[in-house]
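Down below is the structure, laid out as structure tokens.
The values are calculated or read from the model by the stated rules, or taken from the named source; none is laboratory data. The structure displayed is predicted, hence computed values, not measured ones. Here the Cβ is made from the backbone with ideal geometry for all residues, glycine too, and neighbour counts use every protein chain on show.
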Amino acid sequence: MIDLMPFWITFKLAIITTFILFIIAIPIANGIVNSKSKFKALIEAAISLPLVLPPSVLGFYFLLAFGPTHGLGKFIEHYFNVRLVFSFPGLVVASVIYSLPFMVHPIQSGLSSLPANIKEASFTLGKSKLYTLFKVVLPNIKPSVITGLVLTFAHTIGEFGVVLMIGGSIPGETKVVSIAIYDEVQTLNYTNANIYALILFAITFSILIVVYFVNQRYTITRYL
């Protein structure tokens with residue numbers, strides 16, 4: 001019988017990470033699209049780093065940065081009494097940084113392809129920037145937003161290297177499904193590892209199918 005706690009920790013981590021990234025990715029993507037700064041390429045490169053760097057590299061630097069004897073980790077533990085290393089809050093912070101491009105890039109792509117006259121028409125009618133963003137812009141890039149949400153959620157579920165480095169394998173605290181699979185394989189318990197893997201595969205595949213179906217229906221309905 002497998003322990004279901006890793007599933008709870010995994011999905012809790014994915015939900016929290018996706019929610020936080022949805023909040024911060026919209027202004028980031030919008031700022032990049034509308035920016036004419038010479039540092040735009042540098043910002044985009046920094047956001048995209050998790051796509052090319054090995055997770056163990058990011059995890060190593062997270063471990064150094066979040067450690068109780070170093071800058072950020074020392075500051076947060078001293079003033080907020082929260083330890084980031086080998087804790088669930090640390091997993092959240094690391095996951096937000098690691099999954100950032102998976103939320104920003106789809107939304108940025110949607111904003112870039114949106115005709116400028118849609119926003120201009122809203123402004124002409126006297127609508128505020130905030131109203132235009134949430135009532136005009138985001139509904140018109142719905143497939144991009146959904147893609148960002150799903151990619152972020154699925155990517156967080158599948159994290160391994162980063163969560164292993166920053167969270168370890170603490171039962172009930174940081175032991176997510178990917179770590180549970182690794183632990184079972186380490187003890188040659190392939191039966192439990194297979195059960196964990198199959199359940200995770202079925203869940204993530206089902207989520208992707210639903211999203212592609214919704215996006216396909218949205219595209220067809222939009223052009224009818």
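Only one residue in Ser122, Ser99 is closer than 30 Å to Leu53 by Cα and either among the polar types (S, T, N, Q) or at pLDDT 85 or above (or both). Which one? Lay out the reasoning, then the answer.
Values: Ser122 fails: closer than 30 Å to Leu53 by Cα.
Residue meeting the stated conditions: Ser99.
Within the group Leu64, Leu91, which residue is out of contact with any Lys or Arg (no Cβ under 7 Å at 6 or more places or on another chain), at pLDDT 85 or above, surrounded by 17 or more Cβ atoms within 10 Å (Cβ to Cβ) and more than 30 Å from Asn140 (Cβ to Cβ)? I'd like the intermediate steps shown before the answer.
Working: Leu64 fails: surrounded by 17 or more Cβ atoms within 10 Å (Cβ to Cβ).
Going through Leu64, Leu91 in turn, the sole match is Leu91.
Looking only at helices (runs of 4 or more DSSP H) that fall completely inside region 1-120, which ones have 1 or more residues that are over 30 Å from Gly168 (Cα atoms)? Step through it out loud before you land on a result.
On the way: elements: 5-34, 40-52, 55-66, 71-80, 88-98, 100-113.
Output list reads 5-34, 40-52, 100-113.
It is to be established whether one or more residues within region 152-162 are surrounded by 13 or more Cβ atoms within 10 Å (Cβ to Cβ), among the acidic types (Asp, Glu) and part of a loop (DSSP other than H, G, I, E, B). Spell out how you get there, then give the answer.
Taking region 152-162 and keeping what is surrounded by 13 or more Cβ atoms within 10 Å (Cβ to Cβ), we get 152-162.
Retained after the next criterion (residues that are among the acidic types (Asp, Glu)): 159.
If we keep only those that are part of a loop (DSSP other than H, G, I, E, B) as well, we get 159.
Within region 152-162, one or more residues are surrounded by 13 or more Cβ atoms within 10 Å (Cβ to Cβ), among the acidic types (Asp, Glu) and part of a loop (DSSP other than H, G, I, E, B).
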